[in-house]
Every structure is written in structure tokens, then in C-alpha cells.
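Chemist: Mind having a look at this structure? Questions to follow.
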Amino acid sequence: MQIKAIIDRIEGNYAILLLDREEEQIQWPFSMLPDKAKEGEIILFDIFLDNKATEQRKEEIDHLWGKIDKKSI
């Protein structure tokens, strides 16, 4: 999925981004935008699930729960 945002304005260290036909806005750290980004420019965000990282996290949590279960015995 791709989200389009307009850099509406800069407030301190944050850019105010207008999303989804300017109905939603978010604050985004200005330092996390591409170099030379400025007000009025359009940026794109690619959003996707990281299934591999999710599975690794699940395994880590299961491992920790296993340790907790052993201690409670």
C-alpha cells in the first residue's frame, strides 16, 4: 500500500503532513524526510507487513513465556 502526503508546513523539528485528500494530518520528524524536502512537496510512504520480523518477534515472546512458565513451577 502506498500513502501520499503533502508537506503542509514545518513546525520546529516536525513537518505537518496532510494525508488522504488533506482530511488527516500527522506530525513527522523533519529529520526523517528526504534531504531538501520543503513545504508543498508531495512524498510517498510505502506501507507493508514485515512477516519475517513479526514471526521472529512472536518466537522471542514465546521463548520468554516459556522461561516465565518454568520459573513458576
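The values are calculated or read from the model by the stated rules, or taken from the named source; none is laboratory data. Model, not experiment: these values are computed from the prediction. So basically every Cβ, Gly included, is an ideal-geometry build from the backbone, and we count neighbours across all protein chains shown.
Chemist: Condition (residue is modelled with pLDDT of 95 or more, touching a Phe, Trp or Tyr at 6+ places or on another chain (Cβ under 8 Å) and outside any helix (DSSP H, G or I)) applied to the range 41-51: is it met by at least one residue?
Modeler: Scanning the range 41-51, I find no residue that is modelled with pLDDT of 95 or more, touching a Phe, Trp or Tyr at 6+ places or on another chain (Cβ under 8 Å) and outside any helix (DSSP H, G or I), so the answer is no.
Chemist: Go through the range 34-70 and report how many residues are aliphatic (A, V, I, L, M) and more than 19 Å from the chain's Cα centre (by Cα).
Modeler: 3
Chemist: For the range 4-46, what are the residues that are among the hydrophobic types (A, V, I, L, M, F, W, C) and in contact (Cβ under 8 Å) with a residue 40 or more places away in the chain?
Modeler: Keep residues of the range 4-46 that are among the hydrophobic types (A, V, I, L, M, F, W, C), which gives 5-7, 10, 15-19, 26, 28, 30, 32-33, 37, 42-45.
Passing the criteria: Ala5, Leu44, Phe45.
Chemist: If you go through the range 29-39 one residue at a time, do you hit one that is in contact with a strand residue (DSSP E or B) (Cβ under 8 Å, 6 or more places away or on another chain), modelled with pLDDT of 90 or more and outside any loop (DSSP other than H, G, I, E, B)?
Modeler: To start, the set of residues in the range 29-39 that are in contact with a strand residue (DSSP E or B) (Cβ under 8 Å, 6 or more places away or on another chain) comprises 29-30, 33-34, 37-39.
Narrowing further to those that are modelled with pLDDT of 90 or more: 29-30, 33-34, 37-39.
If we keep only those that are outside any loop (DSSP other than H, G, I, E, B) too, we end up with 29-30.
Yes; the residues of the range 29-39 include at least one that is in contact with a strand residue (DSSP E or B) (Cβ under 8 Å, 6 or more places away or on another chain), modelled with pLDDT of 90 or more and outside any loop (DSSP other than H, G, I, E, B).
Chemist: Further, regarding this structure: Among what's in the range 18-73 and is farther than 27 Å from Gln2 by Cβ and small (Gly, Ala, Ser), pick the residue that is surrounded by the most Cβ atoms within 10 Å (Cβ to Cβ).
Modeler: Per the stated criteria, the residue is Gly66.
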